[in-house]
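The values are calculated or read from the model by the stated rules, or taken from the named source; none is laboratory data. Since we're looking at a predicted model, the values are computed, not measured. Virtual Cβ from ideal backbone geometry, glycine too; neighbours counted across all protein chains shown. Quick note on the areas: whole protein, heavy atoms, side chains included, nothing else; ligands and nucleic acids left out. Shrake-Rupley method; radii C 1.70, N 1.55, O 1.52, S 1.80 Å.
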Amino acid sequence: MTILKKTTVSRRKVLKGAAIAGASTLAAPAFIKSALSSSGELNVMMWSDYLPEEFKEAFKKETGITINHTGIGSNEEIINKLRATRGRGFDVISPTNMRAQQWQPLNLLQPFDMNKVKVDRVNAAMAKVGETDWNFDGKGSHWLPQLWGTEAVAWRTDKWTPEGGVPSYGDLWKDGGENTMMGRPHSMMLGAGLYMETIGELAPGDVKRAYNSEDDMKDVWSKITKFCIDRKANVKKFWNDADGQKNGLMQEDVIMGQTWDGPILALKGEGNPVQYQAPKEGALAWVDGLAMPKGAKNIDQIYAFLEFSYRPENGGLTANLTGYNSAVIGADAHLSEQSKKNFAEAYPGDALDNLFAWPAEPTWYAQLRTEFRDKFVAA
């Protein structure tokens, strides 16, 4: 399911959503009171930079609940760790919206009790993904939205300037760029594919066609893999998480790269000479959410976490600290001036109308992509 549709996406629409009518009650429901009375802890497996210390401290100060955060850098990590424990050991995890088809057959998640979730506080289109794509066996939503963001082009402003002021995925692979750039293997390959469509090495729409069948995937990605292998000398490093992206630009002599928005905008907000911007081909868009493993133990604490996270002021706090964008309606009213400036510069002009919303990924697609990825990395 496409969440961020072209011609309908804007900062205001994404952050305020379509479900703004009606104020939520401020009275604490029974499950929150229960969580507060028991305090305890919450075991969270979430992207490495999604739970800043300020957020965890504010949550503990109000609820008495300690968040134990296990950081991850990929959806594969989440799946593999939870498969290894058979759904035990964690109360909350954070899979990305388009991974539903990979999770359903694993039978490792349980649905949320939506009577305990103030779902009207988050973007309606994003929440609907849980009701449709993540409604496993008709048992209800197994996924709730948390943060959305993109993957695009980042660079050191003191070392490089894109021609015409707008970068391209092709800039990463250009002749003469040996040992200058970084990326996450599988997604930088997809970005290369989008660039190849613009220069005639792939037909327009081929990157999306690859999701249709295994034969289409093999046809398209064999060409992408060859393109990337032929230009692999440009790659200085592969990153796997937020710190890897930050270190590449600030400590490891990387000049440019394909990165997430959050880490780079966080660096920019601290005054570092970096920029992040949607390229000509379109930034890759995703929504990360919250899911509850079957072996979750601290149930009251989970719903206390959701209640706290879905307040506009806390959505804004998370956005300001991480550089990502909150799914919470009204979070934009709590953004800092620096966050607003960073967003405007990252998505100039019609960039929000040109997002490439990552399509839903069948299990066979993920498996084949891993094979192509490994061939590229090993070359």
Local electrostatic count, GLU163, Cβ distance below 13 Å [Lys/Arg +1, Asp/Glu -1]: +1
Among TRP143, GLN251, THR363, the residue whose Cα sits farthest towards the positive end of the charge dipole of the chain (+1 at Cβ of Lys and Arg, -1 at Cβ of Asp and Glu, taken about the Cα centre) is TRP143
Result for region 291-379: accessible area per residue, probe 1.4 angstrom, in square angstrom, of 37 Å²
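Please tell me which of these pairs span more than 24 angstrom C-alpha to C-alpha: LYS174/LYS226; LYS61/LYS139; LYS56/LYS246? Display every interim value, and only then the final one.
Details: LYS174/LYS226 15 Å; LYS61/LYS139 34 Å; LYS56/LYS246 22 Å.
Distance filter (> 24 Å) returns LYS61/LYS139.
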Using only Cα atoms, find the angle between the long axis of helix 214-230 and the longest principal axis of the chain, and express it within 0 to 90 degrees, rounded to the nearest 10. 60 degrees
Accessible area per residue for region 73-133 in Å², computed with a 1.4 Å probe and the full protein assembly in place, what is it? 42 Å²
Taking a ≥ b ≥ c as the square roots of the eigenvalues of the Cα gyration tensor of the chain, is the shape rounded (a/c under 1.5), prolate (a/b larger than b/c) or oblate? prolate
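What number, rounded to the nearest 500 deg cm²/dmol, is the helix-based mean residue ellipticity at 222 nm of the chain, given -39500 (n - 2.57) per DSSP H run of at least four residues and division by all its residues?
Value at 222 nm, helices only, nearest 500: -12000 deg cm²/dmol.
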May I ask you to give the percent of accessible area on the chain that is carbon plus sulfur, with a probe radius of 1.4 Å? 48 percent
So, for region 215-255, what is the accessible surface per residue at a probe of 1.4 Å, expressed in square angstrom? 46 Å²
Sparse-neighbour loop sites [GluC sites (Glu not before Pro); region 264-310; at most 13 other C-beta within 10 Å; DSSP]: GLU270
Counting DSSP beta bridges with both ends in the chain, the antiparallel % (nearest 5): 60 percent
Just grab the label-to-label distance for THR161 and LEU106, each label 7 Å out from Cα along the Cβ direction, in nm (one decimal). 4.6 nm
May I ask for the angle, rounded to the nearest 10°, between helix 299-309 and the longest principal axis of the chain, with both axes built from Cα atoms and the value confined to 0 to 90°? 60 degrees
